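One structure below.
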């Protein structure tokens, strides 16, 4: 089922049938401009809306249709906004208000009142903007000519955010075991999360998974081992005939069993915890990395909030050819040279962010009290990115995002047996860290090179959740003020 965005065009009967036919035709031209400009979702145009019952009906239908992830509205002519009140009140999908017109340049020498009456978006959309503000409608507003690549890119970003919000609304998340004992930030209100985001979070005993893992047939393991040899640079001891080949086969057994458990249960995200491994012989590493590469959300140490967020951001970035991963700020490089952060995790970094072909290796793990786990090792690809995390503040969820530039390591890291990313946070390491700590941002994050800050802002608007952004313009004092102002705002106006 390909995601759809419905395109709604507003007008009124006052203009008469001939003008309304022109409105309908020009609306189709606007839609073609967006599609030809690279809009990556199916755009479905609806008949021109001219009265309140029709508007309400189309909003109800959009809200009820699982294929519809959002609605674009454009007032081609003047559409009295009281007609839109009950429809906007009924809408339960993300809304983008497109402020555009068909003609790019004014035909100065030939403009007459017929032209003026037909091309009235300049004030028709102002009427629509007023009623949205009056009703407190959460929406995205994009202004410009529909042929402008910059406008299409912003609409595309909003559509990706809508895809992420839609994915989250129907997401089922399996927790294998509980949170890491004693950790605060990975806790959270699962009931509120289901109310706010739509994600259903439930816990399963690790040995429920172990039963499925132990029942995996040799044929499935053989096929995965062959796939590993093709996709990765296998360490010699893991290759067929190597002294640790059995460990690779057990990693494949975990992947096959975990994938079956998630598929059978309809889960799109999951967590693990090294303190709660039951009958598993290894902490899942390679399996988790490969499942993330296929779009699953994941959080370590029972961190279901980051797992759900990762699933949503992966849905937003689908088809871009760029990666998104579970991540953790691990340690700092304060100099010499540019200050940077080294991010990693015990095992579970997604290979979609890899700069080169990952190597598949086996190394000891000092926690978990299990056999040495198999994992993929690589450096992250250089380029612009964002790290974003979610915290539960008790009265609300908060998203915190930091604009970053991923860089190659200053030197090779031959002794580090895990996948990793090195990045320069904006505006600087010290300001970024001070702001993140002030916001109460978590130590588990999502690192994405597929989704930009504007789309993440759109996503936060859609899920009615606070977002604090740390970027090149951030100062510590201004950021602290924003945190205080937001605290007062959300207490007065809870989402």
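The values are calculated or read from the model by the stated rules, or taken from the named source; none is laboratory data. Keep in mind that this is a model prediction, so the values were computed, not measured. Cβ coordinates were reconstructed from backbone atoms using ideal geometry, including for glycine residues, and neighbour counts include every protein chain displayed.
Quick check on region 167-183: of everything there that is closer than 16 Å to residue 267 by Cα and out of contact with any strand residue (DSSP E or B) (no Cβ under 7 Å at 6 or more places or on another chain), which residue is surrounded by the most Cβ atoms within 10 Å (Cβ to Cβ)? Before you say what the answer is, go through the steps one by one.
Applying the first criterion (closer than 16 Å to residue 267 by Cα) to region 167-183 yields 167-177.
Applying the additional criterion that residues be out of contact with any strand residue (DSSP E or B) (no Cβ under 7 Å at 6 or more places or on another chain) yields 167-170, 177.
Numbers: 167: 25, 168: 27, 169: 18, 170: 12, 177: 21.
Ranking the candidates gives 168 first.
Got a number for residues in region 199-222 being touching a residue at least 60 places away in the same chain (Cβ under 8 Å) and in contact with a helix residue (DSSP H, G or I) (Cβ under 9 Å, 6 or more places away or on another chain)? Steps first, answer last, please.
Applying the first criterion (touching a residue at least 60 places away in the same chain (Cβ under 8 Å)) to region 199-222 yields 199, 201, 205-207, 209-210, 213-214.
With in contact with a helix residue (DSSP H, G or I) (Cβ under 9 Å, 6 or more places away or on another chain) added as a condition, the list becomes 199, 201, 209-210, 213-214.
Count: 6.
Please report, ordered by residue number, the strands (runs of 3 or more DSSP E) entirely within region 332-437 with at least 2 residues that are touching a helix residue (DSSP H, G or I) at 6+ places or on another chain (Cβ under 9 Å) and closer than 30 Å to residue 495 by Cα. Show your work before the answer.
Details: elements: 340-344, 359-362, 374-377, 383-392, 397-407, 420-425.
By residue number, 383-392, 397-407.
How many residues does region 247-275 hold that are part of a helix (DSSP H, G or I), crowded, with 23+ Cβ neighbours inside 10 Å and touching a strand residue (DSSP E or B) at 6+ places or on another chain (Cβ under 7 Å)?
2
Please list, ordered by residue number, the helices (runs of 4 or more DSSP H) wholly in region 185-242 having 2 or more residues that are touching a strand residue (DSSP E or B) at 6+ places or on another chain (Cβ under 7 Å). If you could, list the steps in order and put the result at the bottom.
On the way: elements: 190-197, 206-214, 218-231.
Result: 190-197, 206-214.
Going through 196, 244 one at a time, which residue ends up being in contact (Cβ under 8 Å) with a residue 60 or more places away in the chain, more than 32 Å from the chain's Cα centre (by Cα) and surrounded by 15 or more Cβ atoms within 10 Å (Cβ to Cβ)? Spell out the reasoning first.
Details: 196 fails: more than 32 Å from the chain's Cα centre (by Cα).
Exactly one residue qualifies, and that residue is 244.
A quick yes/no check of all residues on (1) crowded, with 22+ Cβ neighbours inside 10 Å; (2) farther than 16 Å from residue 462 by Cα:
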{"position": "44", "(1), (2)": "no, yes"}
{"position": "56", "(1), (2)": "no, yes"}
{"position": "70", "(1), (2)": "yes, no"}
{"position": "79", "(1), (2)": "yes, yes"}
{"position": "82", "(1), (2)": "no, yes"}
{"position": "92", "(1), (2)": "no, no"}
{"position": "97", "(1), (2)": "no, no"}
{"position": "102", "(1), (2)": "no, yes"}
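Criterion first (outside any helix (DSSP H, G or I), in contact with a helix residue (DSSP H, G or I) (Cβ under 9 Å, 6 or more places away or on another chain), closer than 29 Å to residue 193 by Cα and modelled with pLDDT of 95 or more) does residue 447 satisfy it? Even if it seems obvious, please write down each step before you answer.
Details: outside any helix (DSSP H, G or I): yes; in contact with a helix residue (DSSP H, G or I) (Cβ under 9 Å, 6 or more places away or on another chain): yes; closer than 29 Å to residue 193 by Cα: yes; modelled with pLDDT of 95 or more: yes.
Here the answer is yes, as residue 447 does meet what is asked.
Can you confirm whether residue 62 is farther than 25 Å from residue 123 by Cβ and surrounded by 20 or more Cβ atoms within 10 Å (Cβ to Cβ)? First the steps, then the outcome.
Working: farther than 25 Å from residue 123 by Cβ: yes; surrounded by 20 or more Cβ atoms within 10 Å (Cβ to Cβ): yes.
Spelling it out, residue 62 is indeed farther than 25 Å from residue 123 by Cβ and surrounded by 20 or more Cβ atoms within 10 Å (Cβ to Cβ).
Yes/no matrix, rows are residues, columns are (1) under 16 Å from residue 262 (Cα atoms); (2) surrounded by 24 or more Cβ atoms within 10 Å (Cβ to Cβ):
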position	(1), (2)
277	no, no
280	no, yes
284	yes, yes
293	yes, no
300	no, no
305	no, yes
317	no, no
